Amino acid sequence: MARRTREEALDTREAILDAAQDCFMDHGFSRTGLEAIAARAGVTRGAVYWHFKNKDEVLEAVINRVSVPFFHGLERVSRPDGNTPLRDLRALLRQSFIDLSEQPRVRNALEVIELRCEVPAEGDAITAIRKSGMHQTQSRISAAFARAAALGQLRDGISPETCARTLHFVISGALRMHLLDPARIDLRRDGLAAVDLALRAVARDPSRFDDLD
């Protein structure tokens, strides 16, 4: 019985997050209330409060559903025993671009935080979520480049931190342009081409990327 109750609670939590993401997409963060989220999820407002303290926590959970798996992927890319961190990083980004293109939940979560949250109306909560994602992404990418540097796979005179910031700029720009004009900016084509250009620019041996699709 306890297991069933726990599973039901998890199902309710997921339903709330699905409903919240839909509401944020339709109306924006500031114009969505917990009552609307509860109604769309088919639960009481009390059920929402049982899982989340406030709307900010709901938003953070919506974003974490897609960002946490990506962060775990970045951690695997920078593992100490890895021998191909740049190729592994490229493979992770390629799969992420595919997921963003083909999975509505992933794409919509990104659109919510990038385009559907009005600042400064929401103030510090939105800024904190965005900064947290930015810092976590950059630190993990930097770790991957540090591993590449330790293996002698980066060009001389380029620091892992500079490589990470440059690639992060490329990724962020590609994602935002895709969200604004998905018909024109194809992540699997344009985003990956930009990533390849950035990686080739810093790799000691750019030919390592010649046989990749």
Please report, in cubic angstrom per residue, the volume enclosed by the convex hull of the alpha-carbon atoms of the range 1-90. 135 Å³
If N is the number of residues in the chain, what value comes out of its Cα radius of gyration divided by 2.2 N^0.38 Å? 1.15
Could you run the Karplus curve 6.51 cos²θ - 1.76 cosθ + 1.60 with θ = phi - 60° over the range 95-102 and give me ³J(HN,Hα) per residue in whole Hz, x for Gly and Pro? 5, 5, 5, 5, 4, 5, 7, 10
Sum -39500 (n - 2.57) across every DSSP H segment of at least 4 residues in the chain, then divide by the residue count to get the 222 nm mean residue ellipticity, nearest 500. -24000 deg cm²/dmol
Once you wrap a convex hull around the alpha carbon atoms of the range 58-164, what is its projected area averaged over all directions, in nm²? 7.4 nm²
Per principal axis, largest first, the Cα atoms of the range 1-52 extend in Å by 38, 17, 16
For the residues Leu151, Leu192, what sequence is obtained by ranking on other C-beta atoms within 10 Å, fewest first? Leu151, Leu192
Using only alpha carbon pairs under 8 Å that are at least six residues apart, calculate the relative contact order of the range 63-205 and give it in whole percent. 29 percent
Here FRET efficiency (C-beta to C-beta, Asp81 to Ser159, R₀ 22 Å, nearest 0.05) is 0.45
Just to check I understand the Karplus step: with θ = phi - 60° and J = 6.51 cos²θ - 1.76 cosθ + 1.60, what whole-Hz values come out for the range 170-179, glycine and proline as x? 4, 4, 4, x, 5, 5, 5, 5, 5, 5
Under 14 Å from a point 7 Å along the Cα-to-Cβ line of Arg130: which residues of the range 140-174 have their amide N that close? 172-173
What list of ³J(HN,Hα) values in whole Hz, one per residue of the range 140-154 in order, does the Karplus curve 6.51 cos²θ - 1.76 cosθ + 1.60 (θ = phi - 60°) give from phi, with Gly and Pro shown as x? 6, 5, 4, 5, 5, 5, 5, 5, 4, 5, 5, 8, x, 9, 9
About the Cα centre of the chain, what is the dipole size in debye to 20, counting +1 per Lys and Arg Cβ and -1 per Asp and Glu Cβ, all else neutral? 340 debye
Based on the Cβ-Cβ distance of His27 and Arg6, what FRET efficiency does E = 1/(1 + (r/R0)^6) give at R0 = 30 Å, to the nearest 0.05? 0.40
Relative to the first principal axis of the alpha-carbon coordinates of the chain, what is the inclination of helix 192-202, with its axis defined by its Cα atoms, in degrees from 0 to 90 and to the nearest 10? 40 degrees
Sorted by Cβ density within 10 Å, fewest first, the residues Glu161, Glu102: Glu102, Glu161
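Where a number appears in this text, it was derived from the coordinates with a stated rule and is not lab data. Just so you know, these numbers come straight off a predicted model, no measurement behind them. Every residue, glycine as well, gets a Cβ built from its backbone with ideal geometry; the counts of neighbours run over all protein chains shown.
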